[in-house]
1. Using only Cα atoms, tell me the angle between helix 3-30 and the longest principal axis of the chain; keep it within 0 to 90° and round to the nearest 10.
2. In whole Hz and in residue order, list the ³J(HN,Hα) couplings for the range 35-47 that follow from phi through the Karplus curve 6.51 cos²θ - 1.76 cosθ + 1.60, θ = phi - 60°; x for Gly and Pro.
3. Sorting Cys97, Cys41 on the 10 Å Cβ count, fewest up front, what's the list?
4. Apply the Karplus parameterisation 6.51 cos²θ - 1.76 cosθ + 1.60, with θ equal to phi minus 60°, to every residue of the range 110-122 and state each ³J(HN,Hα) to the nearest whole Hz, in sequence, with x for glycine and proline.
5. Measure nothing fancy, just the Cα-based angle from helix 53-62's long axis to the longest principal axis of the chain, in degrees from 0 to 90, nearest 10.
6. How large is the convex hull of the C-alpha atoms of the chain per residue, in Å³?
7. Projected onto the charge dipole of the chain (+1 at Lys/Arg Cβ, -1 at Asp/Glu Cβ, origin at the Cα centre), which of Gly113, Val54, Leu81 gives the Cα projection farthest towards the positive end?
8. What's log10 of I(q)/I(0) for the range 1-80 at q = 0.12 Å⁻¹, Debye sum over Cα points only, no solvent?
Amino acid sequence: MSRTDADAAQVALRALHEDVDTRAAALARRHAGRLRCGRGCSACCQDGLTVFEVEAERIRRAHADLLERGAPHPPGACAFLDAEGACRIYADRPYVCRTQGLPLRWLGEDEDGGIGEQRDICPLNEAGPPLESLPEDACWTIGPSEGRLAAIQSAHDGGALRRVALRSLFRRATRSG
C-alpha cells in the first residue's frame, strides 16, 4: 500500500471519528444526568482489545514517542491507561472507546434463538429510566459506524480486515527479555 493510500485511509478514519464524536456528544448531553463517565473512569477500559490496523496506524502516527519509550499499563486494563486511569491517547482513541458509557442498542440473538433488539449500558450509568423505555434515538445503535470503519479498513488492506492488539503497539511490550 502506498503512502498516499495510507494517508487517504487516515483522512477517512478521522472523518469517521469526528462524526462519531459529534453524535456521541449529543447523546451524552441528552443523558447528562445519568452518565457518570469522566477522566479517570476506566471500568470499560478492558485489556486484550484489538482494533483495525487503520486505527492502530492513527495511534502509531500520533503517539510514536509514547509507544517507543513508554510502558503499557500493567495487564488487566487497557495498555493506554496512565497510573490514574486516564487515557494517554484520548484524542486518538479507537472507535470502540468513543461510545463507551452510552446506552447501546443492537440486533442480536434472543433467548429463543430469534433475532431481537438488545440493549446495555455501563453498570456505573444504570441509574435512570429503564433502557427498554428509551426511544431508539436515545441509544447508540451498534452497526452503522462499525460498518463504515470496516469499509475503511477493507479499502486499506484489500479486504483482509487485519486487527492489532493495542498492547502490542508498545515497543517495550514486544521486546524480548
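1. Approximately 30 degrees, to the nearest ten.
2. Couplings: 6, 10, 5, x, 3, x, 6, 10, 4, 8, 7, 7, 7 Hz.
3. Numbers: Cys97 20, Cys41 17.
Ordered by Cβ neighbours within 10 Å, fewest first: Cys41, Cys97.
4. 8, 4, 8, x, x, 9, x, 6, 10, 9, 7, 8, 4
5. 70
6. 147
7. Leu81
8. -0.51
Every read-out reported here was derived from the displayed coordinates using simple, explicitly stated rules and does not represent laboratory data. Only a predicted model underlies this, so the values are computations on that prediction, with no experimental measurement involved. Note that we place each Cβ from the backbone using ideal geometry, even for glycine, and neighbour counts take in every protein chain shown.
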